[in-house]
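Okay, so here's the structure we're looking at.
The values are calculated or read from the model by the stated rules, or taken from the named source; none is laboratory data. These numbers were taken from a predicted model, which means no experiment stands behind them. Reconstructed Cβ throughout: ideal geometry from the backbone, glycine too, with neighbour counts over all protein chains shown. When the accessible area is computed, the model is the full protein with side chains, heavy atoms only, and any ligands, DNA or RNA have been set aside. Shrake-Rupley method; radii C 1.70, N 1.55, O 1.52, S 1.80 Å.
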Amino acid sequence: MKKVIAQTEINVNEEGYMTEFSQWTKEICECLAEEQGICMTEKHWEVIDYIHEKHNGNEALSIRGIKKSGVINIKEFYSLFPGGPLKKSTLIAGIPKPKSCI
Amino acid sequence: MKKIVILGAGTSGTMMANHLVNKLPKKEWKLTIIDQYKTHYYQPGFLFLPFDIYTTKQVKKKGAKFIPKGVDYINEKIDLIVPDENKINLENGKSLIYDVLIIATGTKIAPEEIEGMNGPEWHKSIFDFYTYEGAKALRNKLREWEGGKLVVHITEMPIKCPVAPLEFAFLADSFFRNKGMRDKVEITFVTPLGGAFTKPKATKALHYLLEEKDIKEVTDFNIERVDYENNKIIDYGDTEVDYDLLVTVPTNMGDEVIERSGMGDDLNFVPTHKGTLQTLEHQNIFAIGDATNLPASKAGSVAHFEAEILTDNIMRYIQGEELKDEFDGHANCFIETGNGKALLIDFNYTHEPVEGTFPFPGVGPLSLLKESRANHMGKMAFRWIYWNMLIKGVHIPFVSATMSKKGKHIEEVQ
Ligand SMILES: Cc1cc2nc3c(=O)[nH]c(=O)nc-3n(C[C@H](O)[C@H](O)[C@H](O)COP(=O)(O)OP(=O)(O)OC[C@H]3O[C@@H](n4cnc5c(N)ncnc54)[C@H](O)[C@@H]3O)c2cc1C
């Protein structure tokens, strides 16, 4: 599916996750965050960097991983991305929703 | 004499001993298997024990019965693996040298990971059913429980047999109906995932079951602590769920020996090659079953498929041949849905659970992703197959290690 955001056309799946990371930019990120009711702060960017790092290293994201990330603790993670922090932060970071085996 | 040592005599280790003993040249190779317990547990039976469907006798047998002649069987706790010296230290102070090592130490529950879980209420109002002790204590509790809020809960993923908690909720529904007290019990299923079923296809096909059985769902719940004084579980987002009886699946972790030996990831699972089952760090060390970090389900059926491929690869390795990169994550699970019915699902690394029939395309007799009595009979027969064929390494007819696409409606996972 196509979606226009920040005057740019991006490809997303039915749940709104970007399907081509190469299309991701900081501007798009800010708009995606806004759609989730989130206003990006420095701390948010730190988390996005951490998520990209993990994603590039092919490492799965998890709540446990956040605990050990050294970037934030889980409580802060929840307050930065209220609701479903893993789902929201990955959506904003332009990477696929974390999968788990059935 | 050269030596192959297998760590753990659970489902995977026992299968490997049975496979390898027939293949290894006896004059050159000696096979040893080590486990801390003398008892071999049929873990899938732990799901049925709490409801008095199975007896304690049906879920445990003497391990020695399943270790073939010609294999050295050591009952001792493994203290340390020293890969640089090809050495295993046992708790009794003895050590063993190996040429090839197979890690099959499985996974176990770690309730101490969550504050308040393993406290004074453990096995009083908070239970697990992933251990023999937990399942038995829960059986005793359910025999006399008068009703209230039953919460069935998953702490964090991955867990072994990921559908077991849901099956537990389904069986609880039948159990209380049969006891004529379903109206006194409220059942809530609490999961850290986005839904009771995580693969979209299964969710679509199976969500009706929850409605039909009046099981409430709380999703995206990442538990922070158990407030055992006020009978509630609390997540990081401050959502609270009240319980009178909490049946939880605690965090699943690899054994501490993996951590002590510096060979595991965050959860003590051993980084392993997805297709060959060789560990990523050491060429002469292989891993199988729940002990690995593979993105496949942690299930006996998966271990069964892995065992066939690993046996070939061990033989190739000792003959200096290239390993087969063949394991595809094939899993095949019965899901007990209560009232004498069950579902069957079949999937792998890249394909979602599929609809169709199994094992014969178009004929069955087992239907994939649909509730049926035949599937339930299959699940019950699995206990017999487990004790008499599976762990003894007898090939199960018509079921292949890699997933067959015939007779199934296949969809790729993106
Ligand atoms: C409630 C429940 C229901 C299930 N239902 C199903 C089902 O329907 N279908 C299915 O396919 N699977 C099911 N499973 C999963 C299945 O039981 C496991 O996936 C399977 O047993 C894994 O085999 P394994 O050999 O890798 O680990 P295990 O069978 O757990 O064996 C590991 C062994 O290693 C030993 N060990 C570990 N550390 C040490 C040490 N330091 N020293 C000495 N010994 C050690 C342990 O004592 C144990 O015997 C279920 C599991 C549970 C808990």
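Each pair of Cα atoms in region A:2-93 enters the Kirkwood radius, and Stokes-Einstein at 4 °C and 1.567 mPa s then converts it into a translational diffusion coefficient of 96 µm²/s. Per-residue packing, averaged as other Cβ atoms within 10 Å, sorts the ranges B:261-273, B:83-95 into the order B:261-273, B:83-95, beginning with the highest. Each label point was placed 7 Å from the Cα along the Cα-to-Cβ direction; for B:ASP242 and A:LYS3 their separation is 3.8 nm.
Given a cut-off of 23 Å, name the pairs among B:LYS324/B:LYS370; B:LYS60/B:LYS108; B:LYS65/B:LYS324 whose C-alpha atoms lie farther apart than that in the structure shown.
Over 23 Å Cα-Cα: B:LYS324/B:LYS370; B:LYS65/B:LYS324.
Global dimensions of the protein assembly as shown from alpha-carbon coordinates: Rg and Dmax equal 23.5, 73 Å.
Across all directions, the average flat footprint of the convex hull enclosing the Cα atoms of chain B is 19.8 nm².
For A:VAL71 and A:GLU14, a Förster radius of 25 Å and the Cβ-Cβ distance give a FRET efficiency of 0.25, rounded to the nearest 0.05.
The mean of 1/r over all distinct Cα pairs in region A:46-102, once inverted, gives the Kirkwood hydrodynamic radius of 11.4 Å. If you wrap the tightest convex hull around every Cα atom of region B:111-251 and split its volume per residue, you get 105 Å³.
For chain A, a simple Cβ point-charge model (Lys and Arg +1, Asp and Glu -1, everything else neutral) yields a dipole of about 500 debye relative to the Cα centre. Over all distinct Cα-Cα pairs of region B:207-286, the Kirkwood formula returns a hydrodynamic radius of 16.3 Å.
Overall, the ratio between the Cα radius of gyration of region B:17-107 and 2.2 N^0.38 Å, rounded to two decimals, is 1.30. Shape class for region B:125-198, computed from the alpha carbon gyration tensor (a ≥ b ≥ c): oblate, with a/c not under 1.5 and a/b at or below b/c.
Applying 1/(1 + (r/R0)^6) with R0 = 56 Å to the Cβ-Cβ distance of B:MET377 and A:LYS26 gives a FRET efficiency near 0.45. Based on C-alpha pairs under 8 angstrom that are at least 6 apart in sequence, chain B has a relative contact order of 16 percent. Per-residue extension of 0.36 nm, minus the Cα-Cα distance of B:LYS77 and B:MET1, leaves a gain of 24.9 nm for this segment. With a simple spin-label model that places each label point 7 Å from the Cα along the Cα-to-Cβ direction, the separation between B:ASN388 and B:GLU211 comes to 4.2 nm. The region of chain A that goes longest without hitting one of the GluC sites (Glu not before Pro) in a DSSP loop, each with at most 16 other Cβ atoms within 10 Å, is A:60-102. Pairs of Cα atoms in region A:1-44 fall into 10 Å distance bins, from 0 up to the last occupied one, in shares of 27, 58, 15, 0 percent. Legend: mean number of C-beta atoms from other chains within 10 angstrom of residue C-beta atoms, peptide A:62-74, equals 3. Straight-distance candidates among the aspartates and glutamates for linking to B:LYS69, with alpha-carbon spacing under 19 Å and chain neighbours fewer than 8 residues away dropped: B:GLU28, B:ASP35.
A 1.4 Å probe run over region B:111-251, with the rest of the protein chains in place, finds 39 Å² accessible per residue.
At full extension, B:ASP99 and B:THR350 could sit 87.0 nm farther apart than now, given 0.36 nm per residue minus the alpha carbon distance. Counted over chain B, the DSSP beta bridges are approximately 50% antiparallel. What translational D, rounded to a whole number of µm²/s, comes out for region B:1-58 from Stokes-Einstein when the hydrodynamic radius is the Kirkwood one over Cα pairs, at 25 °C and 0.890 mPa s? D, rounded to a whole number, is 184 µm²/s. In a fully extended conformation the segment linking B:ASP227 and B:GLU112 would gain 40.0 nm over its present Cα-Cα distance, using 0.36 nm per residue.
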